[in-house]
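Before any comments, here is the structure.
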Amino acid sequence: MFRPTPRSIWYILAIGGLGVAAFSVALTEWLLLDPCHLCIFQRLLFALAGLFALAAALGARVLGYLTVASALGGLWSSLYQSWLQLQPPGAVNCIGGELGPVERLVEWLGQQAPELFLATGFCEDPGLQILGLSLANWGAIAFALGAIAAVWALVASAPRPSARADRSD
């Protein structure tokens, strides 16, 4: 039976985060999807969480905290996008007058590497659905599970205070 260790959890999170980021690029190309700013931002956060988890698995435990932060940022982003998708058509629009920090980052990344980061869709459009859930919904589930696993790995690998050797009976 598999008994997870903190290191194995970090490796699983690294493979999962980097795998989801790569799969989202492949899925976009394969199905000709139009990712939005939040989709691209979540793709970036999956990749960052994967890289931070890999560093934590290789001994840089402190980067495990950045894994948790990346996963929580992705959870917020995917939940916000899921909320946008639940609104009546035309009631909300993710593209406003002035771009926010997420949109500016994605726009800049899209100029640097358009094949990975070019946003062409709208956040409120559910697009592809799998088993009745949008990709943003699936992202929220994955980010939540990743954050929980990363917190567990951090807690399980925390240094324990040593027992007192000089007990008096």
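The values are calculated or read from the model by the stated rules, or taken from the named source; none is laboratory data. What you see is a predicted model; the values in this text were computed from it and never measured. When we count neighbours, we look across all protein chains shown, and the Cβ atoms used for this are built from the backbone with ideal geometry, even at glycine. Please note that ligands, DNA and RNA were not included when accessible areas were found on the heavy atoms of the full protein model with its side chains. Shrake-Rupley method; radii C 1.70, N 1.55, O 1.52, S 1.80 Å.
Some values worked out for this structure:
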| read-out | value |
| --- | --- |
| Relative contact order for the chain, counting Cα pairs under 8 Å that sit 6 or more residues apart, in percent | 31 |
| Virtual spin-label span in nm between Glu98 and Leu133, 7 Å along Cα→Cβ | 3.7 |
| Mean separation of Cα contacts under 8 Å (6+ apart) over length of region 69-143, as relative contact order % | 45 |
| Degrees between helix 6-31 axis and first principal axis of the chain (Cα, 0 to 90, nearest 10) | 10 |
| GNM result for the chain, Cα springs below 10 Å: residue of Pro126, Pro88, Pro114 fluctuating most strongly | Pro88 |
| Top of Leu154, Leu79, Leu128 by mean-square fluctuation, Gaussian network on the chain, Cα under 10 Å | Leu128 |
| Listed residues Phe143, Leu27, Ala53: farthest to the positive end of the dipole of region 21-169 (Cβ charges) | Ala53 |
| Per-selection metrics, region 1-100 (Cα): Rg and Dmax in Å | 16.1, 55 |
| Rounded to 10°, Cα long-axis angle of helix 101-112 versus longest principal axis of the chain | 80 |
| Space enclosed by the convex hull of the alpha-carbon atoms of the chain, per residue, Å³ | 176 |
| Placed amide H near Leu133: partners under 5 Å, 5+ positions off or other chain | none |
| Candidates Ala47, Ala60, Ala142: whichever shows maximal mean-square fluctuation once the chain is modelled as a Gaussian network with Cα springs under 10 Å | Ala60 |
| Separation of alpha-carbon centers, region 8-84 and region 123-139, rounded to whole Å | 16 |
| Unit charges at the beta carbon, dipole of region 57-134: most positive-side option, Trp76, Val102, Leu86 | Trp76 |
| Size of electric dipole in the chain: Cβ of Lys, Arg +1 and of Asp, Glu -1, about Cα centre, debye, nearest 20 | 920 |
| Per residue solvent-accessible surface (Å²) - the chain, probe of 1.4 Å | 61 |
| Over the chain: helical MRE at 222 nm, DSSP H runs n ≥ 4 each giving -39500 (n - 2.57), nearest 500 | -22000 deg cm²/dmol |
